[in-house]
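The values are calculated or read from the model by the stated rules, or taken from the named source; none is laboratory data. Computed from a prediction, not measured in an experiment: that's the story for all the values here. As a convention, Cβ positions derive from the backbone with ideal geometry for all residues, glycine included, and neighbour counts pool all protein chains shown.
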Amino acid sequence: MAKDEPIKSKALFNKVVITNKGYRLGDVDNIIFVVQTGELIKLVLTNQSAYAINLDLEKENGKSVIPYNTIINVGDYIIVDEQKLKEKIF
């Protein structure tokens, strides 16, 4: 599924998030979106890997947050751009 294809929010929950270099970051625990438009803003992770913790990502209630614009693809896994995460290019 390409990033610009519509997807139901419930399909994102519990999906594994990995970087484009193959490192597991965690599982989607929650999503943050704009109520008026339904625009997805961030994914909140649970079961964070040590790799995710070491990236020093933004936190939401102690959980790592993945900005939506770092997402490359959504399929069996959610793949994010590791370079954007590291450089905090959102």
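This table checks each residue for (1) acidic (Asp, Glu); (2) within 15 Å of LEU40 (Cα to Cα); (3) not in a strand (DSSP E or B).
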| site | (1), (2), (3) |
| --- | --- |
| TYR51 | no, no, yes |
| ASN69 | no, yes, yes |
| ILE79 | no, no, no |
| GLN83 | no, no, yes |
| LYS86 | no, no, yes |
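For residues in the stretch 17-40 being over 20 Å from GLN83 (Cβ atoms) and outside any loop (DSSP other than H, G, I, E, B), which is modelled with the lowest pLDDT?
To start, the set of residues in the stretch 17-40 that are over 20 Å from GLN83 (Cβ atoms) comprises 27-40.
After this cut, where a residue has to be outside any loop (DSSP other than H, G, I, E, B) as well, the list is 27-33, 40.
Details: ASP27: 98, VAL28: 97, ASP29: 96, ASN30: 95, ILE31: 93, ILE32: 92, PHE33: 89, LEU40: 83.
Checked the stretch 17-40; the qualifying residue modelled with the lowest pLDDT is LEU40.
Count, please, the residues in the stretch 14-40 that happen to be without any contact (Cβ under 8 Å) to a residue 60 or more places away in the chain, surrounded by 13 or more Cβ atoms within 10 Å (Cβ to Cβ) and of a type in the set (A, V, I, L, M, F, W, C). Break it down stepwise before answering.
Within the stretch 14-40, the subset without any contact (Cβ under 8 Å) to a residue 60 or more places away in the chain is 14, 22-40.
Adding the requirement that they be surrounded by 13 or more Cβ atoms within 10 Å (Cβ to Cβ) leaves 23-33, 40.
From what is left, the residues that are of a type in the set (A, V, I, L, M, F, W, C) are 25, 28, 31-33, 40.
Total meeting the criteria: 6.
Which residues, counting only those in the stretch 74-88, are touching a Phe, Trp or Tyr at 6+ places or on another chain (Cβ under 9 Å) and basic (Lys, Arg)? Break it down stepwise before answering.
So in the stretch 74-88, the residues touching a Phe, Trp or Tyr at 6+ places or on another chain (Cβ under 9 Å) come out as 82, 84.
Result: LYS84, single match.
Given the structure, is LYS63 in contact with an Asp or Glu (Cβ under 8 Å, 6 or more places away or on another chain) and of a type in the set (D, E, K, R)? Reasoning before the result, please.
Details: in contact with an Asp or Glu (Cβ under 8 Å, 6 or more places away or on another chain): yes; of a type in the set (D, E, K, R): yes.
Spelling it out, LYS63 is indeed in contact with an Asp or Glu (Cβ under 8 Å, 6 or more places away or on another chain) and of a type in the set (D, E, K, R).
With aliphatic (A, V, I, L, M) and surrounded by fewer than 17 Cβ atoms within 10 Å (Cβ to Cβ) as the only criterion, which of ILE78, ILE72 stands out? Don't jump to the end; show me each part of the working.
Values: ILE78 fails: surrounded by fewer than 17 Cβ atoms within 10 Å (Cβ to Cβ).
Residue meeting the stated conditions: ILE72.
State which residue is nearest to ASN14 (Cα to Cα) when the search covers only the stretch 54-81 and only residues that are touching a strand residue (DSSP E or B) at 6+ places or on another chain (Cβ under 7 Å) and β-branched (Val, Ile, Thr).
At the first step, the residues of the stretch 54-81 found to be touching a strand residue (DSSP E or B) at 6+ places or on another chain (Cβ under 7 Å) are 57-60, 63-68, 70-73, 77-81.
The next check asks that each one be β-branched (Val, Ile, Thr); those that pass are 65-66, 70-72, 78-80.
Details: VAL65: 14, ILE66: 14, THR70: 18, ILE71: 16, ILE72: 18, ILE78: 10, ILE79: 14, VAL80: 15 Å.
Across the stretch 54-81, the extreme among qualifying residues is ILE78.
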